[in-house]
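The values are calculated or read from the model by the stated rules, or taken from the named source; none is laboratory data. What you are looking at is a predicted structure, and each value in this text was computed from that prediction instead of being measured. All Cβ positions, glycine included, derive from the backbone under ideal geometry; neighbour counts span all protein chains shown.
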Amino acid sequence: MKTTKKYWKGLAQLNNDPIVENLAQNEFVEQLPVDEFLGDQENLSSTSSSRRDFLKFLGFSTAAATLAACETPIVKSIPYLVKPDEIIPGVANYYASTIYDGRDYASVLVKTREGRPIKIENNATYSNSRVQASVLSLYDSARLKHPLKDSKETNWRTVDLEIKEKLEAVNDGKIALLTSTIISPSTENLIKDFSKKYNNVEHVMLDSTPYDGVLNANMDSFGIRLAPTYSFDKANVIVSFGADFLANWMENEYATDYVKGRNPKSGRMSKHYQIETNLSLSGANADNRMQIKPSEQGFLISSLYDGIQGKTFDKRLSSIVKVLQSNLSKSIVISNSNDKNVQLIINAINQKLGNYNSTISINKPTNLKQGNANKLDNLLSDMKAGNIGAIITYNVNPSYSLAKATEFNEALKNVKLKISTSLYNDETASLMDYVCPDHHNLESWGDANPKYGKYSLMQPTISPLFNTRQFQESLLVWTSRSDYFSYLKEFWINKGVNWNKSLHDGFFDLKENKLKLKRFVDQSQSIKSKKSNTIELEIYETIALGDGCQSNNPWLQELPDPITRACWDNYLTISATTAKELGLSNWNVSNGALNGSLVDITADNLVIRDVPVMISPGQALSTVGMAVGYGRTKAGKAGNNVGFNAFPFLNTKSVTITKVEGKYEFASIQLHHTMMGRDIVKETTLAEYIKDPSSGNHRETYATYKGKLPSDQVSLYEEHDLETGHFWNLSIDLSSCIGCGECVISCQAENNVPVVGKEEVRKSRDMHWMRIDRYFSSDMTKELSKKEKLSAIDMFSEMEDPSEKPEVVFQPVMCQHCNHAPCETVCPVAATTHSNEGLNQMTYNRCVGTRYCANNCPYKVRRFNWFQYSDNDKFDFNMNDDYGKMVLNPDVVVRSRGVIEKCSMCIQKIQELKLNAKKSGQPIKDADAQTACASSCSTNAIVFGDSNNKDSEVWRLRNDERAYDLLDHLNVKPSVFYQTKIRNKA
Amino acid sequence: MHKESEIRDPLILGNKTYHDITRDIARPVEGKANKYWWILFGLSAMLFLWGVACIAYTIGTGIGVWGSNKTVNWAWDITNFVWWIGIGHAGTLISAVLLLFRQKWRMGINRSAEAMTIFAVVQAALFPLIHMGRPWLAYWVFPIPNQYGSLWVNFNSPLLWDVFAISTYFSVSVVFWYIGLIPDFAMIRDRMSSTISPMKKRLYTILSFGWSGRAKHWQRFEEVSLVLAGLATPLVFSVHSIVSMDFATSVIPGWHTTIFPPYFVLGALFSGFAMVETLLIIMRKVVNMEAYITIKHIEYMNVIILFTGSLVGTAYITELFMAWYSGVEFEQYAFLNRATGPYWWAYLSMMSCNVMIPQLYWIRKIRTSFIATFILSIFVNIGMWFERFVIIVTSLHRDFLPSAWTMFSPTFVDAGIFLGTIGFFFTLFLLYSRTFPVVAQAELKTILKSSGSEFKTRSHE
């Protein structure tokens, strides 16, 4: 309704009298009587306030104003008027829930303190660093705080009214629902309901890294478009062609099984072959690794199939063929290829080897990957043709993560109604008419069916921080219903699920009908070898950022890549030889920081300019690798413009690289890559281990008057009494550690470790309390140098260069809690002292910051607060943000500038454990003793416990033949010890 | 039979009488400063102020404004600290040890050498203070009875030993210096006119403690000097031994070395004498002391530099030998890395400035040249700074676990603070040269060959 009403202040305004205009121009209607006032000398001189009085008033008012401004900052702390029964201040509550963001799935326990989720613990499944870090993404102040209409703030009423109206008006085209893979049965049902109401709905699922090859091949082979589940623990032989199954391939759970199948104690250890281009995390853990160009993969897989069929095959595969044939039905062969034909050969190989129903279960498939590229292509052409009347996106960011993002953006213009349900006003959402922001997982209700028969539930652990609404709730509202919680509960109760118990546990199993599968028929076609002379590209995901949906999470940005050890960046990985051919290099500047050359990458009509080059050992010759997940432009202040976007190159095979002028500054946490012939990571082979369990675990001995004694039996000092009470120990199994970095994030979350940013990491001032050292083998060894009669100088300088075909080891290092601690003796103010439970303690309040302890630490695990990292605009990360600070663990103090900090072995958890045991009058259970790193470790490589408890796992490990102290010749008697690494190689 | 011993070179030139000496020594205090003094003072004061600004910036922002990092936690701060402490060694050696050995030549230079000691220790003491993350809590390193509960300092820590060693050394040096100054202050007091400059007169009256030059005063003066010399002598050796224990008691390869105490003391004397030379060669020009600080003094000091320099060289080689002989791979690598690693240039500077260049003093012509000595003394100062840099930074930057290896690069703040202390040092020294009797004239007069020499010169006429 248009209104013509006019309001007026007076008749003059109504009549448009010019006086109104004149008055509006003059601030003062009358002249100020300044002259009159100052001119009246008589009056001025007779006034009672003198010049001195004036100054007094001036002085008083200035002082008063200044004092009034000096108010202590007000921190609002509002007590509960009525305290909820379940909340006791200081006591954590745990809720079982589920994390699923369209890519990573985990069944988790959420630790909440006073109503705030502060930590993710594992529940039915193991998680990864991104899941661990998602608790910080909850408190991301870059999240949308209200619905948007045309990028402007609006309210849900308006949005709902208009969307419903417009959705109903769509009649000349389809309504497209573009989502991530949906694993929620209730959401699937909801989408069905939604489709029923608007009967022209097209649901398209999209995985940021496509798995169409696997899915389509299974469709052809078995008649289901799903991926199988793999039991890596049951396999004796694992052959992976490029599939980084320990990090990002398909699911997050393989690592646990993989390590279960590699237990030297039981004498059974799978043999892992990795044939790949980039050095992946899986490749780094493989027993044998072969470097190939991506274009060779198809041929090699085909040749392997020939080999196991007894035909002639490529000689490089001879040992693999042999070992596969002798381990029938006890192997797994996988490939990361997105080519259906290649995956058909893989299926044929596994079928031929009898792996189905043994190590690979296609009849119990996983639901985590269901994206469909064909459907997406159809959607794109429909959009272009104007056949799509409305589009709703959920959990995806196609404008960023599609290889054809520009095409998508162009086609999006033809869609009349565009709705995003993103948490952020991201690359896609910012192109939409409406953004109906979804809740974060930790604010949502939900369910998940990650794989056949396995279910888990999601429950909110905090009331929504912002004016957001769950996607499912939006769907319900748009189908004129409401309340997703009731819907969900009813949905499961109708299926006969014990709702309360399942919600409490977080997961449940359901008996399901057996899947109807097609009989397997070999449909593979062999692939011929073809030579390529171009530089080939292999795209990968980093373990920190994955597909980049949590780009704005500073914890993940600062989590160093396990292989390159660089953070806050992506780059082009390249082998040293290829780099040399192209005139590219990496070099260290005067403070040690790493710099690299820049290149332009071109392929077809794509180009990325000024891409930094990272020389990576283990990269196949004439190939390059690039990580997706970076180069976001609308992620938020931490994620924007970090690195470059590699998604446009997703389907690109070969590229041209041209060197350009300039240099790039990396932030690398580790600048030196080899062990320099030192006995840091002790390792042996399985065969040696079976002969002698202590093989490779050589102890340093000292010559004494009693003869040669191992270092720990020679001491000048009095021993701490470690027999009475507890003796907290941490065992780290270097054979089990795959280097994934989950523990680093877990530690960061538990212990309020600050994020320092790229510049400070570049200055070697990262603050992580634990790090995962990665060492490459070098072509130069002490033995070789002796043989070649090299001088020590030459030997060491050659040792600095990692091999181009390196063996890789990972070693988590945190404070070793020495019982003869070098740091403790040197502190002038006794700020770091020893506990009678074997811990090295740091008293922040007492620390004056001489840093002598950090210098004298042989493991260099002590971290100094070079600046004030909290509430400092120079470090504008989560600790400088009112929302971001909500993730802080109230049990751990936030350290101030000028003090040293370090791993405390989660003393706050130990204390809680002891207090609980005291209250309950029960001795501490071994399983309850956990540090953040140990509890989050997917592969159980880190074991924590009380060594004075002879029933504890850690006591057993302490006395294992594989146990050794890092740098044992120093005889600092650490409470942390390592288990030798065992490789299953000849 | 009349036997006359060989004539030693005179330590005071220019046929000075007692009165000449008094006049010469009092002139800088009574007169006006010359152009050189003002130029030098202006420069030093500017550097000093810049240093103050850099220190304020550090304390206000955090140690992060320096170039240090998680591996190299100490760099220029402690390098400068040890360098300054080392420089502070020559003064006490000259005044105490040479007094005990009856070396008369020390009298021309001991006052200034000791002033230098005190000013150098002031610079040195700054660094432990400002290198702290929370310098406002620096008093916690003193064993002050407190009400914080059972908090006490850690007597195991060499840093605490440092606190005691340096404060003891500083106080004994100040007292020793001051005792020597009393007769000279009295001399200036007596020359001051109470009408022309009453304030100054009052000041020097207070400073001279009522010295009247009675025989009893002289006797006590001599006794106290001897006692203090006896007390100060072990301190010369103890202070730097204890400073060296900051490193020697640690576990870091390249630090963990038993020869550090004597090695550091020798290095300290070496650098101390070099700095004395640098200063005195400037000072004798600026305040016209050419007659009292002669080439003979310089030559004696050059001999000491040659001697200590050679010993320091021996220590360097011993370190290398021990690294090889120990068979410890970490130790071996640490020293190989010093000489051939990324900081080879620092090691080379140290070796050439400290070991090779002082060998030029074997040549008499160089040993007895003011200009050559001045240049060489600068080299030694630089070399000794690099020695500490090499010990601290190159040992830390590559220690046990290669994963933590990194490098160090100073920032403008690091440089600013270092230059600031040089400015502060020279500011103090220049102020001293205008207000204090820069030569111990009372003592010096005891070696003026008055009667005999004068008789001889007169008889030759």
TODO: State which residue is surrounded by the most Cβ atoms within 10 Å (Cβ to Cβ) when the search covers only the stretch A:664-694 and only residues that are more than 14 Å from every other protein chain (Cβ to nearest Cβ) and hydroxyl-bearing (S, T, Y).
DONE: A:Y689
TODO: Identify the residue in the stretch B:278-290 that is out of contact with any Leu (no Cβ under 8 Å at 6 or more places or on another chain) and in a helix (DSSP H, G or I) and, among all such residues, is surrounded by the most Cβ atoms within 10 Å (Cβ to Cβ).
DONE: B:L280
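A quick yes/no check of all residues on (1) crowded, with 24+ Cβ neighbours inside 10 Å; (2) at pLDDT below 95; (3) not polar (S, T, N, Q):
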residue: A:L598; (1), (2), (3): no, no, yes
residue: A:T602; (1), (2), (3): no, yes, no
residue: A:I608; (1), (2), (3): no, yes, yes
residue: A:P612; (1), (2), (3): yes, no, yes
residue: A:A635; (1), (2), (3): yes, yes, yes
residue: A:L650; (1), (2), (3): no, yes, yes
residue: A:V655; (1), (2), (3): no, yes, yes
residue: A:G662; (1), (2), (3): no, yes, yes
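Can A:L671 be described as at pLDDT 90 or above and in a loop (DSSP other than H, G, I, E, B)?
Values: at pLDDT 90 or above: yes; in a loop (DSSP other than H, G, I, E, B): yes.
It is true that A:L671 is at pLDDT 90 or above and in a loop (DSSP other than H, G, I, E, B).
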Task: Selected residue (only one of A:N397, A:N374 is surrounded by fewer than 20 Cβ atoms within 10 Å (Cβ to Cβ) and not charged (D, E, K, R)) - done: A:N374
Open item on the list: When the residues of the stretch B:155-173 are narrowed to those that are small (G, A, S) and either surrounded by fewer than 19 Cβ atoms within 10 Å (Cβ to Cβ) or free of Cβ contacts under 8 Å to residues at least 60 places away in the same chain (or both), which ends up farthest from the other protein chains (Cβ to nearest Cβ)?
Closed with: B:S171
Task: Residue list for the stretch A:23-49, restricted to those being assigned to a helix (DSSP H, G or I) and within 19 Å of A:A12 (Cβ to Cβ) - done: A:L23, A:A24, A:Q25
Open item on the list: Take the residues in the stretch A:475-484 that are of a type outside the set (V, I, T) and in a loop (DSSP other than H, G, I, E, B); name whichever of them is nearest to the chain's Cα centre (by Cα).
Closed with: A:D483
Open item on the list: Given (1) part of a loop (DSSP other than H, G, I, E, B); (2) closer than 27 Å to A:P812 by Cα, identify the lone condition not met by A:L716.
Closed with: (2)
TODO: From the list B:F176, B:F185, pick out the single residue that is within 30 Å of B:S244 (Cα to Cα), crowded, with 17+ Cβ neighbours inside 10 Å and among the hydrophobic types (A, V, I, L, M, F, W, C).
DONE: B:F176
TODO: Scan the stretch A:565-574 for residues that are among the polar types (S, T, N, Q) and modelled with pLDDT under 95 and jot them down.
DONE: A:N570
- [ ] Among the residues of the stretch B:129-154, write down those that are of a type in the set (F, W, Y), at the interface with another protein chain (Cβ under 9 Å from one of its Cβ atoms) and part of a loop (DSSP other than H, G, I, E, B).
- [x] B:Y148, B:W152
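Please verify whether B:I196 is more than 14 Å from every other protein chain (Cβ to nearest Cβ), at pLDDT 90 or above and either surrounded by fewer than 21 Cβ atoms within 10 Å (Cβ to Cβ) or not in a helix (DSSP H, G or I) (or both), treating the condition exactly as stated.
Working: more than 14 Å from every other protein chain (Cβ to nearest Cβ): yes; at pLDDT 90 or above: no; either surrounded by fewer than 21 Cβ atoms within 10 Å (Cβ to Cβ) or not in a helix (DSSP H, G or I) (or both): yes.
No, not satisfied.
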Open item on the list: Checking the structure you have, find out if any residue of the stretch B:340-356 is closer than 30 Å to A:T701 by Cα, in contact (Cβ under 8 Å) with a residue 12 or more places away in the chain and crowded, with 17+ Cβ neighbours inside 10 Å.
Closed with: yes
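So in the stretch A:832-852, with the set limited to residues that are among the hydrophobic types (A, V, I, L, M, F, W, C) and within 14 Å of chain B (Cβ to nearest Cβ), which one is nearest to A:V893 (Cα to Cα)? Give the derivation first.
Start the filter on the stretch A:832-852 by keeping residues that are among the hydrophobic types (A, V, I, L, M, F, W, C), which leaves A:839, A:842, A:847-848.
With within 14 Å of chain B (Cβ to nearest Cβ) added as a condition, the list becomes A:842, A:847-848.
Working: A:M842: 12, A:C847: 14, A:V848: 17 Å.
Selected residue: A:M842.
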Open item on the list: I'd like to know if the stretch A:539-557 contains one or more residues that are modelled with pLDDT under 95 and on the phi > 0 side of the Ramachandran plot.
Closed with: yes
TODO: State yes or no: is A:E804 on the phi < 0 side of the Ramachandran plot, among the acidic types (D, E) and buried (at least 22 other Cβ atoms within 10 Å of the Cβ)?
DONE: no
Task: Filter result for A:Q811 (surrounded by fewer than 24 Cβ atoms within 10 Å (Cβ to Cβ), under 26 Å from A:A934 (Cβ atoms), within 13 Å of chain B (Cβ to nearest Cβ) and not hydrophobic (A, V, I, L, M, F, W, C)) - done: yes
- [ ] Working only within the stretch A:695-713, note down all residues that are away from chain B (no Cβ under 14 Å), among the small types (G, A, S) and not in a strand (DSSP E or B).
- [x] A:S695, A:G696
- [ ] State whether the residues of the stretch B:320-327 include one that is under 30 Å from B:M283 (Cα atoms) and away from every other protein chain (no Cβ under 14 Å).
- [x] no
Task: Filter result for A:G639 (out of contact with any strand residue (DSSP E or B) (no Cβ under 7 Å at 6 or more places or on another chain) and surrounded by 15 or more Cβ atoms within 10 Å (Cβ to Cβ)) - done: no
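Filter the stretch A:327-370 for residues that are among the small types (G, A, S) and surrounded by fewer than 21 Cβ atoms within 10 Å (Cβ to Cβ); which is nearest to A:N252 (Cα to Cα)?
From the stretch A:327-370, those among the small types (G, A, S) are A:329, A:331, A:335, A:337, A:348, A:354, A:358, A:361; that's our starting set.
Those still in the list that are surrounded by fewer than 21 Cβ atoms within 10 Å (Cβ to Cβ) too: A:329, A:354, A:358, A:361.
Values: A:S329: 24, A:G354: 25, A:S358: 21, A:S361: 17 Å.
Among those residues, the one meeting the criterion is A:S361.
With the stretch B:328-403 as the region, which helices (runs of 4 or more DSSP H) entirely inside it contain at least 1 residues that are within 14 Å of another protein chain (Cβ to nearest Cβ)? Working first, answer last.
Working: elements: B:329-340, B:344-351, B:364-367, B:370-389.
Where helices (runs of 4 or more DSSP H) fall fully within the stretch B:328-403 and carry at least 1 residues being within 14 Å of another protein chain (Cβ to nearest Cβ), they are B:329-340, B:344-351, B:370-389.
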- [ ] Kindly provide the set of residues from the stretch A:753-779 that are surrounded by 22 or more Cβ atoms within 10 Å (Cβ to Cβ) and more than 14 Å from every other protein chain (Cβ to nearest Cβ), ordered by number.
- [x] A:V755
Open item on the list: Against the conditions (1) of a type outside the set (D, E, K, R); (2) crowded, with 20+ Cβ neighbours inside 10 Å; (3) touching an Asp or Glu at 6+ places or on another chain (Cβ under 8 Å), where does A:I118 fall short? Just the number, please.
Closed with: (3)
